[in-house]
1. Among the listed residues Leu431, Leu333, identify the single one that is in contact with a helix residue (DSSP H, G or I) (Cβ under 8 Å, 6 or more places away or on another chain), part of a helix (DSSP H, G or I) and buried (at least 18 other Cβ atoms within 10 Å of the Cβ).
2. Can you report the number of residues in segment 296-318 which are more than 19 Å from the chain's Cα centre (by Cα) and either of a type in the set (A, V, I, L, M) or surrounded by 15 or more Cβ atoms within 10 Å (Cβ to Cβ) (or both)?
3. In the list Leu380, Leu424, Leu412, Leu386, which residue meets the criterion of being touching a residue at least 40 places away in the same chain (Cβ under 8 Å), part of a helix (DSSP H, G or I), aliphatic (A, V, I, L, M) and open to solvent by 30 Å² or more (accessible area, probe 1.4 Å)?
4. If you go through segment 31-75 one residue at a time, how many are open to solvent by 30 Å² or more (accessible area, probe 1.4 Å), of a type in the set (Gly, Ala, Ser) and within 17 Å of the chain's Cα centre (by Cα)?
5. Report those helices (runs of 4 or more DSSP H) wholly inside segment 115-190 carrying at least 2 residues which are at pLDDT below 75.
6. Scanning for something open to solvent by less than 10 Å² (accessible area, probe 1.4 Å) and not acidic (Asp, Glu), does segment 90-98 turn up at least one residue?
Amino acid sequence: MSKLRNSWLDFSIATLNFLANIGIVLPYVLILFKYQQTHSTTYLIAIIVFYVARAASIFSTKRLNLKASTYLLLCLWLGVIGSAIYSVTTSLPWLIFGALCLGYTSATIWPYYLTLKLHLTTNTDFKLKRLYWLIFAVLGLLFVADFSFDLHYRLAFVILGGLFLAALPAGHLLNSFSLAFYDSQNTVARQPIKPWRVLVFVAFFALMGLLTLLRKINLAIALPYVLGLVLIAIILLNLELAADWQAMPANKLRLVNRGFLVSFVLLFNSFFGYFILGKNGMYFIFAIYLIGFEGGRPLYLALGHQLEARSKQFAQWGLILGHLLALTTSPVLYLPGLLLIALYVGFENPALNMSVYHADKADPDLAIINKYRFSTYGGLLCQLCLFGALVTVSAGQHLRLMAFFNPSSASLKLTYLHGVAWPLLLISLLLSLVTIYGQPYFDRLHPSH
């Protein structure tokens, strides 16, 4: 019986690890598949609610004086509830509620899971076992069953909910192991919520919802007005960023730049890749990003002979070179350029995790959440710059706004290259240069304490 219980706990921990890693994208993919299958306005609204909820949740979480372990359990239960809703009903009000649940879980499960891992691995000898392949096999069966029996992804959501349930024992185990850590920490009082920040928050994400809708369908709104909405959203985003600037002791620019680079590679280039690489361009971009994200740190550490400072310098040189190569948009140079950018993100990510965690002595429970908050600022800034450039090009060339997201021809390559790709690349390069050479200055200029 004891062996069976231990095997179940191993499976539960592996499931939790899997959901934490894949949870940010899996619910979105399943809802998107439902929409592509039905082309229903109901699921279109659900996608938009999910997308906005996922972006907004990282800013709204940790406002209560709860432990990260409690929030992790909340993420799992919301995952169960959201998955159950999508497996049993097509009612719009329920789907909106389910999208809010899954959006919050997708945004926060990894930061809270990583926070607990760092609490335990840096303060105890607790180690997590890995059973990745078993969980990926379950995920594979999920899709095979749905495709084979034409179940309209209902079984997929049932199994997803079952995985969230299976991860609950692991969540409780991490909670119990972390009690000693929390007992040794001083409770940090949360700052009161300011009404003006609530208004800015609501206004900004309402605009993001509208702009997301415009990316999905054609609405009869004059493009100059859309550009005005984009500019207002950028102003509101920067107000939020300025208000949160004191939340971290260091690395703020590095995190904003990280978020911008991730969105630049995964969001913009997954669409623009069609004009460079053809209809399979998106798959090449995803592969490039995964290779860079997973291989960046070991590659640059090997080149730098395991010396952190030297390896970091190589990564920064690669980042600059990557932008210059991508500017050519020649497939032979474009793909290596994006790979160099992704390799830099992969090198920076583990270093940033440890840096922000150990830098925040006042509240290590909040450090990883703040990391993803600042990174999300960068990602949203990239998306708004992209949309602003698209609106400008579409108005100037009398193109449909959706022509970029649903490309029917590679003949528009030069139009989007000159009007969108090059401006975004130059903004990204400028932000990267400011980050590389200006981060120490900004940290001294705006200390958090």
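1. One residue alone meets the criteria, Leu431.
2. Adding up the residues that qualify gives 16.
3. After applying the criteria, what remains is Leu412.
4. 1
5. Passing ranges, in order: 132-149, 179-183.
6. Scanning segment 90-98 turns up at least one residue that is open to solvent by less than 10 Å² (accessible area, probe 1.4 Å) and not acidic (Asp, Glu).
Conditions tested, residue by residue: (1) touching a Pro at 6+ places or on another chain (Cβ under 6 Å); (2) within 28 Å of Asp365 (Cα to Cα); (3) of a type in the set (A, V, I, L, M, F, W, C).
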| position | (1), (2), (3) |
| --- | --- |
| Asn17 | no, yes, no |
| Leu26 | no, yes, yes |
| Tyr43 | no, no, no |
| Ile48 | no, no, yes |
| Gly82 | no, yes, no |
| Thr90 | no, no, no |
| Trp110 | no, yes, yes |
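The values are calculated or read from the model by the stated rules, or taken from the named source; none is laboratory data. Everything quoted here is computed from the prediction, not taken from an experiment. All Cβ positions, even for glycine, are placed from backbone atoms using ideal geometry, and neighbour counts span all protein chains on display. Calculation scope for accessible area: heavy atoms of the full protein, side chains included, ligands and nucleic acids excluded. Shrake-Rupley method; radii C 1.70, N 1.55, O 1.52, S 1.80 Å.
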